[in-house]
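Structure record follows, encoded as structure tokens.
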Amino acid sequence: LNNVIEEINKSSIMTGDMLQIYRLEDANATLELSEFNLSEVVYFFINDFENILKKHEFKLDLNLDNSVFLEADMKLLKRVISNFFTNAIRYTPDKEKIYIEVSQTEDHVYFELTNYGTQIAEQDLENIWIPFFRGQATNNQKLKTKGSGIGLYLVSEVLKAHEAEFGINNIKHGVQAYFKVNKKAE
């Protein structure tokens, strides 16, 4: 019964994600814009994941400008940050570092999450934004739920709707996920 409930919950989440993707792909869709502090959103997720961060002894390295305001769809950008955070936790080996940066220029806001101790296979990097693509499986069970394979596709659609620059790259000893978005919606 628990397995059935778990599968129903996963299916429900995936259905919600697919509906959000269809809404974003609609030419008439509009974002629910509001001004908010991106750093506060990041602190929310740090607190939300605090127990799992402690359990796996991750070293959290923060470079957060505390008052980074932007005009965007907060609910959708939360989905992006949650996805980046969840992937970092899922694939970072215990006791490794996770670096988070939130900074700004006069016109742009920058978010970066880098997790160390792992890399994405080069052949997978080309495909991570494709719906239902799942990279090479790991035995890492830090998070109880497995992804649906549409998380990064949804991330890409959200960031495209915000006209953001974004990417995921291998760097020396780690993986960097980032986005740069205009402070004011255009």
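One chain, two ends: Glu35 and Lys75. Fully extended at 0.36 nm per residue, the span grows by 13.2 nm beyond their Cα-Cα distance. Phi angles of the stretch 83-98 translate, via the Karplus equation with coefficients 6.51, -1.76, 1.60 and θ = phi - 60°, into HN-Hα couplings of 5, 4, 5, 4, 5, 4, 5, 4, 10, 8, x, 3, 6, 8, 9, 10 Hz per residue; Gly and Pro are given as x. The H on the amide N of Phe58, modeled in the peptide plane, is under 5 Å from the matching H of Lys95, each at least 5 residues off or on a different chain. For the listed residue pairs Lys95/Lys172; Lys54/Lys183; Lys75/Lys95; Lys75/Lys184; Lys78/Lys180; Lys95/Lys160, the alpha carbons are over 23 angstrom apart in Lys54/Lys183; Lys75/Lys95; Lys95/Lys160.
Sum up the charges of everything whose Cβ sits under 14 Å from the Cβ of Glu106, counting Lys and Arg as +1 and Asp and Glu as -1, but leave Glu106 out.
Working: positive: Lys180, Lys183, Lys184; negative: Asp65, Asp107.
For residues surrounding Glu106, the net value is +1.
What does the charge count near Tyr178 come to, summing +1 for each Lys or Arg and -1 for each Asp or Glu among other residues with Cβ under 13 Å from its Cβ? Local net charge: -2. Rounded to whole numbers, the Karplus 3J(HN,Hα) couplings from phi for the stretch 70-81 are 8, 10, 6, 8, 4, 4, 6, 5, 4, 4, 4, 5 Hz, using 6.51 cos²θ - 1.76 cosθ + 1.60 with θ = phi - 60°, and x at Gly and Pro.
None of the figures in this text is laboratory data; all of them are computed from the coordinates on show. Keep in mind it's a predicted model, so treat the numbers as computed, not measured. All Cβ positions, glycine included, derive from the backbone under ideal geometry; neighbour counts span all protein chains shown.
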